[in-house]
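The values are calculated or read from the model by the stated rules, or taken from the named source; none is laboratory data. Being a predicted model, the structure only gives us computed values, none of them experimental. Here Cβ is always computed from backbone atoms with ideal geometry, including for glycine, and neighbour counts include all displayed protein chains. Keep in mind that these areas ignore ligands, DNA and RNA; they rest on the heavy atoms of the full protein, side chains included. Shrake-Rupley method; radii C 1.70, N 1.55, O 1.52, S 1.80 Å.
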Amino acid sequence: MVVTLENKAISSKQELSSEVLAKIDSWTAKYPKDQRQSAVIPALHIVQDAYDGSLTSDLMDALAAYLGMPNISVYEVATFYSMYEHKPVGKNKLSVCTNISCMLRGSDNVLAHLKTRLGISVGEMTEDGKFSIKEVECMGACGGAPMLELNKVYYENLTPEKLDEIIDAVK
Ligand code: FES
């Protein structure tokens, strides 16, 4: 027997808040009414930011239902891009680029300094939940290598001293 989803979203167990839905609506309004799914990328950011920085399957199902798209299509987008999280992360997520330009300009030292300073490894979160470290591919800021992204802000030409300043500023 062949089961066809007919491009329909499967119902979800979680409801998105009205505040979150209003933000998503501001994006869906930019597209034709029958193309609401075009807003999936910014909508995933909105949901992730509103629910502790990571996307559970219930949240993705709820978003799929709201945008009227198959759950699997939301999962495909959410697992393709490194900016989406699927397990708890620190309030301040340090995404360190280790791709070629950053690697040639010392990203290994950047990571080593962060790990020592925070006492955690890549993929881990500090005990107080304030910081987590993530290793990412090129973020398009090669001219300022080595770089990292923290709370949607890029920090470039990093040195251990600059890293300490960045950490101190958010502590
Ligand atoms: S290689 Fe790091 S930003 Fe491009």
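Counting only alpha carbon atoms, the long axis of helix 57-67 and the longest principal axis of the chain meet at about 50°.
Using Cβ point charges alone (K and R +1, D and E -1), the dipole size of the range 29-95 about the Cα centre works out to roughly 200 debye. Annotation: cysteines of the chain without a disulfide-compatible partner (Cβ-Cβ under 4.7 angstrom) are 138, 142.
Along the charge dipole of the chain, pointing to its positive end and built from +1/-1 on Cβ of Lys, Arg, Asp and Glu, which listed residue (154, 41, 119) has its Cα farthest out? Result: 41, furthest along the dipole toward the positive end. Each Lys and Arg Cβ is given +1 and each Asp and Glu Cβ -1; about its Cα centre, the chain then shows a dipole of about 200 debye.
With angles folded into 0 to 90 degrees, how steeply does helix 18-28 sit against the dominant principal axis of the chain? Use alpha carbons for both and round to 10. Tilt of helix 18-28: around 90 degrees. Proximity of backbone amide H atoms, modeled 1.01 Å from N, is registered between residue 135 and 96, 123 at under 5 Å, excluding neighbours fewer than 5 places apart on the same chain.
Checking every one of the chymotrypsin sites (Phe, Trp or Tyr not before Pro) in the range 41-100 against DSSP loop status and a limit of 12 other Cβ atoms within 10 Å picks out 81. For the range 30-102, the normalised intensity computed at q = 0.17, 0.28 Å⁻¹ comes to -0.65, -1.33 (log10 of I(q)/I(0), Debye sum over alpha carbons, equal scatterers, no solvent).
Rounded to the nearest 500, what is the 222 nm mean residue ellipticity of the chain from helices alone, with -39500 (n - 2.57) per DSSP H run of 4+ residues and division by all residues?
Value at 222 nm, helices only: -12000 deg cm²/dmol.
Keeping all protein chains in place, calculate the accessible area per residue for the range 18-80 (probe 1.4 angstrom), answer in Å². Working shown, then result.
On the way: 3170 Å² over 63 residues.
Using a 1.4 Å probe on heavy atoms only, each residue of the range 18-80 averages 50 Å².
Axis of helix 160-170 versus longest Cα principal axis of the chain: the two differ by about 50°, to the nearest ten degrees.
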